[in-house]
Each structure stands twice: as structure tokens, then as C-alpha cells.
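S.K.: Encoded as C-alpha cells, here's the structure I'll be asking about.
Computed from the coordinates by the stated procedures, all read-outs in this text should not be read as laboratory data. Since the model is a prediction, treat every value here as computed from it, not as a measurement. Note that we place each Cβ from the backbone using ideal geometry, even for glycine, and neighbour counts take in every protein chain shown.
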Amino acid sequence: MATDDLETAHVTPGAEDNSPTAAAASSKKRKSSITEIEIDVSQPEPPSKKAKRALKKGKPLPKKAGSDDEAAAEGDDKDEKKDGTKKKERSPYGVWIGNLRFTVTKAELRQWFVDNSGGAITDDMITRVHLPMTKTAAGLPKKAATENRGFAYVDFVSLEANTAAIALSETEWHRRKVLIKDSKSYEGRPKVSDAAAKAAREDGAAPEEDGGAKKKNPCTKIFVGNLSFTTTEDDLQAHFEKCGKIRWVKVATFEDTGKCKGYGWVNFEDAEAAQWAFKGFVKVREVIDTLEDFVEDDDVETKEEEGASSGDDKEEEGKEKKKKPAKKEEKEPARIKTRKWWVNQLLGRNLKIELAEDDQLRYQKRFKKGGSKNKEQQKSDGGDAAEGGEKPKVWERKSAAAPKYESDINVARLTGAAVAPQGKKTTFE
């Protein structure tokens, strides 16, 4: 019975297997037949996910790099454009026009020259109009109307048109007398030497004289601001010692607590030290250590003793031989390095350092020329004037005018006058 069951259960290789396991195995296999996808090359390429996100945000799509052939073709086109559209050379005949109304446009300026020149200037003669515009203020939209800066540059074809334009100077336009000059004329501008001297004064440097030598600033005192409230005079003294010798240091303090108010003064003996402190740094020369500086003296002494003991044993041999001069070891010259020592920070705060006025100059500015006289000279001057018949000028203080009172409170409110006192005194418990 068992053999019959085994025979019935045996399946030939060619027979079909309709079991569920066989069906699952056949479904997992990759299908050999693949459907072809048709692509129309003439249609534009669909945007990628990154491009779609950029379009949602309103940004332009980035340019994609094409093939080598396309890039070469684009390069040839660019070269042709560069060769064909070169920058035109400006005409040598031009004018500068100033005192313009801020709402004037290029078209209006061009038309004004044509209308007021009496036919000497035509529209074809004007080759260039450059009207600088102001930048839009922060916070305003970019499309907001901008104004011109009150002047413009206009170029012409010929010298005759340029001369006719200059002749229109001082002509009234929009209730303004315009000023027209040749674009190459620099009359009325400050000299370069004056501008350089002004810039030097603003920077704190001394302006150069005619001889070329720089005039030294005699100021020896500096003002130091933005100090910490815990700063003392000793801290300030130690901080600026690298700049030079210091006469005195003064730190403004509160009367009740004695703490620093945040500023102070430092007076140096030399004006050059004050200039270094004003710059915020000073150049310090330092000696670089060499190997000889680290050799101890004990090692040198032991070497000398060893040499002396060996010398006694070889005295006889040394006498017979010629004495050779001993070569002294030459010491290396000291190397000096220059570096910057910064003094613009103290206790973690950036200092505000400015050149302060000397005491004498400050006194002259406060009391002027007559303030430097002492009391005895002033008395003698006053006595001599009295004897001569001319009395010295005495400044009398004018008494303040009596206030006006109003009895009616409504009138006082309207006019702003004071209410008349009634002689009553009110107290609050």
C-alpha cells in the first residue's frame, strides 16, 4: 500500500505544477518582455523636482550646461558679439551742468539744450547724456521713483556745439540758474594739497609743509574712554608704560563710591609717545634667545678645569711643539625682533583713545588772550585806565523782568501766563 502511494505522488518532469508555491515562485521572476517608452525630442525637457521648488518660490531656473558642441557654438557667438559691439570711444567735447532740479530726466535735459541753443545744437549732435541718480533709501521698494543728484555730463560731436552749450551757463531753468562748464575744466575745485592736508588733520597726522618736512603735533595728553568701572590709575599706568614715560594719570571717579566713571587722561613726557598711544599700538624691540643663553655657567667651569688638568700632563710635549694660537669661539650676535604691542584694549574692552588738548591751549581757548593775565596785572591795567580818564568796562547783570499774573484761571490757561497768588498755603498730611 505504501509503494502505491509513492508512485501516485511521483510527478514526471514534463508535467505542469499548479500548486500555490509554484505560482508564487513564477511571479517573483523578472519578466522578459519590457514595454518601450516613446520620447518626443522636440518637446521641452520637463523640470526636475529642484526646478519645481525654485519655480514655487519665484526664483528663475538655473541654466544647464549643454554638450561640448553647444558650448563651443555659444563661445563662437560670444566672440563675434564682442568683436562686433566694442565700446564706443567718448567724444572729447563735453560739458558738465550743475544746479539741476532733482526731477529732471535725460530726455528733458536733451530737449532743453536743443530748444535754448537757437539752432546751434541739434538732437543728433548730442552723443551721450550721463545723469547720475540717487540710490533708493533703505526700507523703500526698489521700484520707488529716484531723483538725480543735481548734475549731469553731456557729450557733443563738435567743438561748436560744445561752445554753444557753455554759452547757456547762468540760464534760468525751473527757477534755477544752471552752471555749465567744460568737462575737463577743474576750476573751483580744492587743490590736492589742501585736500590731503584736510584728510591728514582728520586722521590726526601732521600736514606736510612746503619744504616737505612734517610738522610734529606737540600734544602730549590723550583721552581714554570706554574704561571699565573697576579700572584704577595703576592699571592705566601699567597699560600705557610701553608707549613711553608718563608724567601723570588721572581717572575720573564718582564721589560716593570712588569707582571709575569710564574715562580718564594720560599725560606723557614726549609727544611721540602720545602719538603711538593714539594709534593703538607701539612697536617694541625684543631680543631673541639663542642656545648660548641656555648654557649654564657650571658647565663652562667644569670644561675649563678638565682642560687645565690635561694641560699639566702635556706641558713637556707642548713646549717642544710650536704653540698654535687658540681660536676663540665667536658669539652669535643678538637677534632683535620688532613686533606690535597693542594698547587699544584693557580688561576686555575696546578703548576709545583720542588726542586731548594741552592745559595751556585749553586755558587760552577758555579765557582767550586776556585770560592769561593774573590779578595783579588786571588791577594795574584797571588803575592806569582810571587815571587816564577811561573807565574799564564793567558788565552789569540785568535784573529779570517781573512775571505777569492773571487773576482768571481760564485766561491764564489760554495765554500761558502765571496765575495770581492768593496768599493761601495748602499742606498735605
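S.K.: Please sort 46-53, 223-230 by packing, taking for each peptide the average over its residues of neighbouring beta carbons within 10 angstrom, highest first.
M.R.: 223-230, 46-53
S.K.: Using 1/(1 + (r/R0)^6) with R0 = 41 angstrom and r between the beta carbons of GLU89 and GLN43, what's the FRET efficiency to the nearest 0.05? List each step's numbers first, then the result.
M.R.: Working: r = 48 Å, r/R0 = 1.16.
After rounding, the FRET efficiency stands at 0.30.
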